[in-house]
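The values are calculated or read from the model by the stated rules, or taken from the named source; none is laboratory data. Note that this is a predicted model, so its numbers are computed, not measured. Note: ideal-geometry Cβ built from the backbone for every residue, glycine included; neighbour counts use all protein chains shown. Ligands, DNA and RNA are stripped out before the accessible areas are found, and what is left, the full protein with its side chains, is counted by its heavy atoms. Shrake-Rupley method; radii C 1.70, N 1.55, O 1.52, S 1.80 Å.
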Amino acid sequence: QVQLVESGGGLVQAGGSLRLSCAASRSIFWFNAMGWYRQAPGKQRELVANYGKDWTENYADSVKGRFTISRDNAKNTVYLQMNSLRPEDTAVYYCNGQSDALNVWGQGTRVTVSS
(Lines give C-alpha, C1' and ligand atoms only; values in the text may rest on other atoms or scores of the structure.)
Protein backbone atom coordinates (compact mmCIF):
# COMPACT_ATOMS: atom_id res chain seq x y z
CA GLN A 1 0.00 0.00 0.00
CA VAL A 2 1.33 3.40 -0.99
CA GLN A 3 1.26 6.16 1.59
CA LEU A 4 1.84 9.90 1.42
CA VAL A 5 2.67 11.81 4.60
CA GLU A 6 2.57 15.60 4.67
CA SER A 7 4.29 17.90 7.12
CA GLY A 8 5.21 21.54 7.47
CA GLY A 9 1.89 23.29 7.95
CA GLY A 10 1.27 25.87 10.62
CA LEU A 11 0.30 29.41 11.45
CA VAL A 12 2.07 32.27 9.69
CA GLN A 13 1.47 35.96 9.22
CA ALA A 14 0.55 37.39 5.85
CA GLY A 15 3.68 37.87 3.76
CA GLY A 16 5.45 34.98 5.45
CA SER A 17 6.66 31.66 4.11
CA LEU A 18 6.18 27.97 4.77
CA ARG A 19 7.55 24.82 3.16
CA LEU A 20 5.38 21.74 2.99
CA SER A 21 6.83 18.26 2.55
CA CYS A 22 5.20 15.12 1.20
CA ALA A 23 7.06 11.89 1.83
CA ALA A 24 6.03 8.88 -0.24
CA SER A 25 6.41 5.28 0.90
CA ARG A 26 7.86 4.36 -2.47
CA SER A 27 9.67 6.00 -5.35
CA ILE A 28 7.88 9.09 -6.63
CA PHE A 29 8.60 7.87 -10.17
CA TRP A 30 5.94 5.24 -9.56
CA PHE A 31 3.39 8.04 -9.92
CA ASN A 32 2.24 9.53 -13.24
CA ALA A 33 1.37 12.79 -11.51
CA MET A 34 2.14 14.12 -8.07
CA GLY A 35 1.51 17.35 -6.28
CA TRP A 36 -0.51 19.50 -3.95
CA TYR A 37 -4.17 20.37 -3.57
CA ARG A 38 -5.90 22.48 -0.96
CA GLN A 39 -9.35 22.81 0.52
CA ALA A 40 -10.50 25.94 2.28
CA PRO A 41 -13.53 25.93 4.60
CA GLY A 42 -16.72 25.75 2.59
CA LYS A 43 -14.90 25.37 -0.72
CA GLN A 44 -14.04 22.54 -3.06
CA ARG A 45 -10.62 20.97 -3.13
CA GLU A 46 -8.47 22.63 -5.79
CA LEU A 47 -5.16 22.01 -7.46
CA VAL A 48 -2.33 24.19 -6.16
CA ALA A 49 0.70 22.80 -7.97
CA ASN A 50 1.74 19.49 -9.37
CA TYR A 51 4.06 17.52 -11.58
CA GLY A 52 2.13 16.24 -14.54
CA LYS A 53 3.12 14.15 -17.52
CA ASP A 54 6.89 14.09 -18.07
CA TRP A 55 7.20 15.88 -14.73
CA THR A 56 6.00 19.17 -16.16
CA GLU A 57 5.18 21.69 -13.44
CA ASN A 58 1.65 23.09 -13.24
CA TYR A 59 0.43 25.90 -11.00
CA ALA A 60 -2.90 27.44 -10.16
CA ASP A 61 -3.07 31.03 -11.36
CA SER A 62 -3.60 32.22 -7.80
CA VAL A 63 -0.20 30.92 -6.66
CA LYS A 64 2.00 31.52 -9.71
CA GLY A 65 5.09 33.48 -8.79
CA ARG A 66 4.61 32.79 -5.07
CA PHE A 67 4.65 28.99 -4.71
CA THR A 68 7.23 26.55 -6.05
CA ILE A 69 6.99 22.79 -6.27
CA SER A 70 10.18 20.77 -6.08
CA ARG A 71 11.27 17.21 -5.42
CA ASP A 72 14.05 15.14 -3.94
CA ASN A 73 14.05 11.84 -5.78
CA ALA A 74 16.45 10.17 -3.35
CA LYS A 75 14.15 10.99 -0.42
CA ASN A 76 10.93 10.16 -2.30
CA THR A 77 9.71 13.59 -1.27
CA VAL A 78 7.88 16.43 -2.98
CA TYR A 79 7.93 19.93 -1.52
CA LEU A 80 5.82 23.05 -1.80
CA GLN A 81 7.62 26.28 -0.99
CA MET A 82 5.04 28.95 -0.27
CA ASN A 83 6.15 32.58 -0.17
CA SER A 84 4.24 35.84 0.16
CA LEU A 85 1.41 34.00 1.85
CA ARG A 86 -2.01 35.61 1.94
CA PRO A 87 -5.01 35.03 4.22
CA GLU A 88 -6.80 33.47 1.24
CA ASP A 89 -4.14 30.73 1.16
CA THR A 90 -5.56 29.42 4.44
CA ALA A 91 -6.63 25.81 3.85
CA VAL A 92 -5.82 22.20 4.49
CA TYR A 93 -3.15 21.19 2.00
CA TYR A 94 -3.15 17.65 0.67
CA CYS A 95 -0.48 15.75 -1.16
CA ASN A 96 -1.73 13.63 -4.06
CA GLY A 97 -0.15 10.97 -6.19
CA GLN A 98 -1.76 9.32 -9.19
CA SER A 99 -0.71 6.14 -10.94
CA ASP A 100 -2.47 3.96 -13.49
CA ALA A 101 -4.07 1.98 -10.68
CA LEU A 102 -4.34 4.32 -7.72
CA ASN A 103 -5.20 7.86 -6.67
CA VAL A 104 -3.50 8.36 -3.31
CA TRP A 105 -4.08 11.19 -0.83
CA GLY A 106 -2.18 12.19 2.26
CA GLN A 107 -3.92 13.08 5.49
CA GLY A 108 -3.51 16.81 4.96
CA THR A 109 -1.65 19.56 6.77
CA ARG A 110 -3.30 22.78 7.88
CA VAL A 111 -1.98 26.16 6.81
CA THR A 112 -3.37 29.27 8.48
CA VAL A 113 -2.35 32.73 7.32
CA SER A 114 -3.26 35.59 9.62
CA SER A 115 -3.79 39.12 8.38
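The residues of the chain expose on average 54 square angstrom of accessible surface per residue, using a 1.4 Å probe on protein heavy atoms.
Charged neighbours of Tyr94, selected by a Cβ distance under 12 Å, balance to +1 (K, R count +1; D, E count -1). For Cα pairs less than 8 Å apart in space and 6+ apart in sequence, what is the mean separation divided by the residue count of the chain, i.e. the relative contact order in percent? Relative contact order comes out at 37 percent. The charge dipole of the chain, taken about its Cα centre with unit charges on the Cβ of Lys, Arg, Asp and Glu (plus for the first two, minus for the last two), comes to roughly 160 debye. A simple charge model with +1 on the Cβ of Lys and Arg, -1 on the Cβ of Asp and Glu and nothing else charged puts the dipole of region 1-60 at about 120 debye relative to its Cα centre.
Please identify which residues in region 15-35 have an amide N closer than 11 Å to a label point set 7 Å out from the Cα of Gln98, following the Cα→Cβ vector. Inside the label zone: 32-35. Computed over region 45-86, the alpha-carbon pair-distance distribution with 10 angstrom bins reads 26, 55, 18, 0, each value a whole percent.
Could you give me D for the chain, from Stokes-Einstein at 25 °C and 0.890 mPa s, where the hydrodynamic radius is the Kirkwood radius over C-alpha pairs? Units µm² s⁻¹, please.
Working: Rh = 14.0 Å.
For the chosen part, D equals 175 µm²/s.
Expressed as a whole percent, the accessible area of region 11-108 that falls on carbon and sulfur atoms is 45 (1.4 Å probe).
Given the Cα-Cα distance of Thr68 and Val5 and 0.36 nm per residue of separation, how much length would full extension add, in nm? Before the final figure, lay out each step's value.
Numbers: separation 63, 0.36 × 63 = 22.68 nm, distance 1.87 nm.
Contour length minus Cα-Cα distance gives 20.8 nm.
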